[in-house]
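> First the structure, then my questions, so here it is.
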Amino acid sequence: MAAARRPPTLVPAYVLHQYDWSETSLVVELLTREHGRVAVVAKGAKRPHSQLRPVLLPFQRILVAFGRAGRTAGDEGVPEVQTLRSAEWGGAGHVMPAGAALFSGFYLNELLMKFLPRLDPHPALYDAYEATLPALRQRGGRDEPAMAAALRAFELCLLQTAGLLPDLSVETATQAPVDPAARYRLRGETGVAAALGDGELDGAALVHAQAALQHGSLVALQQACLPHAAAWRGVLRQLLHYHLGLPQLRTRQLLVDLQNLERRTA
């Protein structure tokens with residue numbers, strides 16, 4: 001007598017990106033806690049009555065199961081992918097971010113797509129992503145200081161996870177402790193260094209951020225970023241672009257283009 005087939009193991013995931021695979025199917029890039037970033041083929045997901053269509057949405061926690069590697073798409077430059085076996089809601093549906101908050105959500109997804117290799121799990125970063133999303137949904141993203149602090153905290157977590165963030169509590173070249181009352185620069189090529197002129201960041205901002213990172217508390221890191229969110233924005237943007245080798249991320253450029261269009265049509 002044949003053994004009963006075991007149901008597939010479901011793991012929590014978020015949709016980061018999706019694109020066409022065929023006339024009826026999609027390749028979906030997922031962020032999972034157990035497996036990291038995973039590419040799966042969602043067969044038939046483009047059909048009008050597919051049960052996957054209303055489930056494979058960004059910024060919604062879903063439960064997925066995927067199986068053995070599927071075919072290889074040489075022409076599209078897509079490496080070997082898994083086959084999506086099932087996908088269902090992972091809890092109550094959440095309101096989608098809107099306006100600038102929606103672009104911020106896609107910005108987080110773009111960062112993860114560019115910085116994380118496939119099948120390289122980072123549970124703490126998954127948890128940080130999951131905990132950051134509510135800040136984008138809060139009152140439609142209109143609490144701008146809190147949303148900005150949440151974005152800066154996630155960027156710091158991502159850089160630390162990728163091994164690209166120096167110890168913020170010491171000067172990189174000299175290993176001298178950072179003076180909370182002094183001003184500092186943070187650069188991809190030099191790390192933390194004493195400021196030239198007025199500088200960019202208070203030493204206190206660096207020390208508090210490093211303490212929160214060491215503690216592993218995203219809430220503490222968001223609170224540390226809140227008073228200095230504007231300064232952190234420019235510093236981290238330069239750092240991210242340095243390590244990516246890009247002058248601008250697509251989501252940032254699209255937001256700038258839309259803002260310019262609004263000004264011209266106002």
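FYI, it's all coordinate maths here, none of it is from the lab. Treat the numbers as computed from the prediction; the structure is a model and nothing was measured. Because the Cβ atoms are built from the backbone with ideal geometry, glycine has one as well, and the counts that use them run over all protein chains shown.
> Once the cut-off is 17 Å, how many percent of the Cα-Cα pairs in region 103-251 end up in the long-distance tail?
Values: 6626 of 11026 pairs.
When all Cα pairs of region 103-251 are counted, 60 percent exceed 17 Å.
> Normalising by the residue count of region 123-214, find the relative contact order in percent from Cα pairs under 8 Å and 6+ residues apart. All intermediate terms of the calculation are to be shown ahead of the outcome.
Working: 99 pairs, mean separation 19.1, N = 92.
This gives 21 percent for region 123-214.
> Moving on to the next point. Tell me, His241, His49, His208, His215 in order of fewest to most beta-carbon neighbours within 10 Å?
Numbers: His241 15, His49 6, His208 21, His215 11.
In increasing order of surrounding Cβ atoms, one gets His49, His215, His241, His208.
> Determine which residues of region 162-181 fall in the zone a paramagnetic label at Lys114 would reach in this model, i.e. backbone nitrogen under 19 Å from the point 7 Å along Cα→Cβ.
Output list for this probe position: 162-166.
> Next question. About its Cα centre, what dipole magnitude does region 96-157 give when the only charges are +1 on Lys and Arg Cβ and -1 on Asp and Glu Cβ, stated in debye to the nearest 20?
Values: 6 positive and 7 negative charges, 30 e Å.
Its charge dipole is roughly 140 debye.
> So how much slack lies between Ser86 and Ser217, counting 0.36 nm per residue of separation and subtracting their Cα-Cα distance, in nm?
Details: separation 131, 0.36 × 131 = 47.16 nm, distance 3.31 nm.
Fully extending the segment from Ser86 to Ser217 adds 43.9 nm.
> If you keep only loop residues by DSSP, which GluC sites (Glu not before Pro) in region 87-195 have at most 10 other Cβ atoms within 10 Å of their Cβ?
Details: sites: Glu88, Glu110, Glu130, Glu155, Glu171, Glu189; in loops: Glu171, Glu189.
For GluC sites (Glu not before Pro) across region 87-195 that sit outside H, G, I, E and B with at most 10 neighbouring Cβ atoms in 10 Å, the list reads Glu189.
> Next question. Which peptide among 54-62, 101-109 comes first, and what is the full order, when sorted by highest mean count of other Cβ atoms within 10 Å? Present the calculation step by step, with values, prior to reporting the outcome.
Numbers: 54-62: 17.4, 101-109: 21.1.
My ranking of the peptides, most packed first, is 101-109, 54-62.
> Taking a spot 7 Å from the Cα of Leu246 along the direction of its beta carbon, which residues of region 93-134 have an amide N less than 14 Å from it?
Label zone hits: 104-117.
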